[in-house]
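Take a look at the structure set out below.
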Amino acid sequence: MDTFDDIRPYRDDEVGPALVALAANPRFVAFASRFAAPGLPHRLLALAHPALRALIRRKARRIRSVDDLQDLMSGYLDALLHHTSDGMTVSGLDDLDAARPYLFISNHRDIALDPTLLNYALWLEGHATTQVAIGDNLLGTGFLSDLMRLNKAFLVARDVSGAKAQLRAMHTTSAYMRKTLEGGESVWIAQREGRSKDGVDRTEPALVKMLQLAYRGESRSVTEWLRGVDLVPVSITYEIDPCAPTKARELYFTAKEGRYSKESGEDIASIETGIRGFKGRIHLHFSPGVEGDFADAEELSRHLDCQIVSNLVAYPTHHYARARLAGTDADLGGTSPRGRQAFLDDLQACPPAHASYFLRQYANQLENQLAIRPA
């Protein structure tokens, strides 16, 4: 048994059987049917389940590798973006070498879409797709973990008790990432644990320290570690966040009660909302690889923040929210009619007590950019 069998993505020979197993999972079929037949009334979706199971089994027989699966999924993703966005643009990717493995680190706004769109951008330009770090808290949904591991996701332990156990788990993650990079594959990881719900993107120094654990024997400093790793910051901007109303609810209850208890099924609901909801325009910016001398993880984290935050796009929704909170005139000029309606519908869906938290998510991106100056 491989040291990393419990956390690694599925290998090529495991893809077909895993798809067949998913086809037999009623929860997965119900989940997939909502995307395969989005126009059907909810009460009729169950009628589509047998046909969908048969389709998945038929596709599974033709898929021989993870690349085959990702090629197939690219067509679905293209159609999804056509219907749920005003298009995706990419900058900075031309400056990266398609033959080199990179450690990509980005802001984190959407559970599934952030790494999916990054990989789609890479695939479109002929780069190999990355392996993706996801928290094992998603294991609670069962099929979702399988689905993500089919798409090059590896599991990062989150629910670990005790300092020693936590250190072991972090070392395992670091060692797996090192092995993957040295094997010639790129890796993506978010700059923090969990999504940014308030629109403030910050890199956790503890995450940077975790990345270095597997190199401690050879690298005595952050600067030495960077010489052996191609670390690339990525900025992901959504003009509209379909999950903003639910994030506002969480922010409201956290502020009011000091905590927020996540309900069962919230993660999968957020994933579905993020995928199916309208996102307006989307932009991904790949910064140059990080170079230079850094005293410690905190200084490197601040540098990453500068690169990631300064390259986020300020869309009309962000300016509108900032103006509304300041009590000045605001409009959504420059946003498409569909985007304008989606944004205003999301705002209207918030109870009055949640509205300011909704607006702050957008406004805080601008405030964050003013607060951070590129190094």
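The values are calculated or read from the model by the stated rules, or taken from the named source; none is laboratory data. Everything numeric in this text was worked out from a predicted model, so none of it was measured. No Cβ is skipped: glycine too gets one built from the backbone with ideal geometry, and neighbour counts run over all protein chains shown. Side chains included, ligands, DNA and RNA excluded: accessible areas come from the protein's heavy atoms. Shrake-Rupley method; radii C 1.70, N 1.55, O 1.52, S 1.80 Å.
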Being within 29 Å of Thr246 (Cβ to Cβ) and small (Gly, Ala, Ser): is that true of Ser145 here? yes
Need pairs with beta-carbon distance below 7 Å; first residue under 15 Å from Tyr238 (Cβ atoms) and outside any loop (DSSP other than H, G, I, E, B) and within the stretch 178-204, second open to solvent by less than 10 Å² (accessible area, probe 1.4 Å) and of a type outside the set (S, T, N, Q); sequence gap 6+ or separate chains. Ala190/Asp114
Meets criteria (among the small types (Gly, Ala, Ser), open to solvent by 20 Å² or more (accessible area, probe 1.4 Å) and assigned to a helix (DSSP H, G or I)) for Ala248: no
Qualifying residues in the stretch 33-70 (those that are in a helix (DSSP H, G or I) and touching a His at 6+ places or on another chain (Cβ under 9 Å)) - the one surrounded by the most Cβ atoms within 10 Å (Cβ to Cβ): Ser33
Residues to consider are Val290, Val232, Val309, Val313; find the one that is more than 25 Å from Ala79 (Cβ to Cβ) and open to solvent by 10 Å² or more (accessible area, probe 1.4 Å). Val290
Failed item in (1) in a helix (DSSP H, G or I); (2) open to solvent by 70 Å² or more (accessible area, probe 1.4 Å); (3) modelled with pLDDT under 95, with Thr3 passing the rest: (1)
Anything in the stretch 91-121 that is without any contact (Cβ under 8 Å) to a residue 40 or more places away in the chain and surrounded by fewer than 20 Cβ atoms within 10 Å (Cβ to Cβ)? List them, or say none. Asp94, Asp97, Ala98, Ala99
Filter the stretch 144-195 down to residues that are touching a strand residue (DSSP E or B) at 6+ places or on another chain (Cβ under 8 Å) and either open to solvent by 60 Å² or more (accessible area, probe 1.4 Å) or aromatic (Phe, Trp, Tyr) (or both), then give me how many there are. 6
Do we have Val208 as part of a helix (DSSP H, G or I), of a type in the set (A, V, I, L, M), in contact with a helix residue (DSSP H, G or I) (Cβ under 9 Å, 6 or more places away or on another chain) and open to solvent by less than 30 Å² (accessible area, probe 1.4 Å) here? yes
Considering only the stretch 211-227, how many residues are farther than 23 Å from Lys152 by Cβ and either of a type in the set (Gly, Ala, Ser) or part of a loop (DSSP other than H, G, I, E, B) (or both)? 6
Condition check: in contact with a helix residue (DSSP H, G or I) (Cβ under 7 Å, 6 or more places away or on another chain), open to solvent by less than 30 Å² (accessible area, probe 1.4 Å), at pLDDT below 95 and not hydroxyl-bearing (Ser, Thr, Tyr). Does Asp267 satisfy that? yes
So in the stretch 84-141, with the set limited to residues that are among the β-branched types (Val, Ile, Thr), under 20 Å from Ile7 (Cα atoms) and in a helix (DSSP H, G or I), which one is modelled with the lowest pLDDT? Thr141
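One line per residue, one yes/no per condition, for (1) more than 20 Å from Ser235 (Cα to Cα); (2) β-branched (Val, Ile, Thr):
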| site | (1), (2) |
| --- | --- |
| Gly265 | yes, no |
| Ile268 | yes, yes |
| Ile275 | no, yes |
| Arg281 | no, no |
| Leu284 | no, no |
| Val290 | no, yes |
| Phe294 | yes, no |
| Glu299 | no, no |
| Arg302 | no, no |
Which of the residues belonging to the stretch 122-143 are surrounded by 18 or more Cβ atoms within 10 Å (Cβ to Cβ) and farther than 23 Å from Arg64 by Cα? Ala133, Ile134, Leu138, Thr141
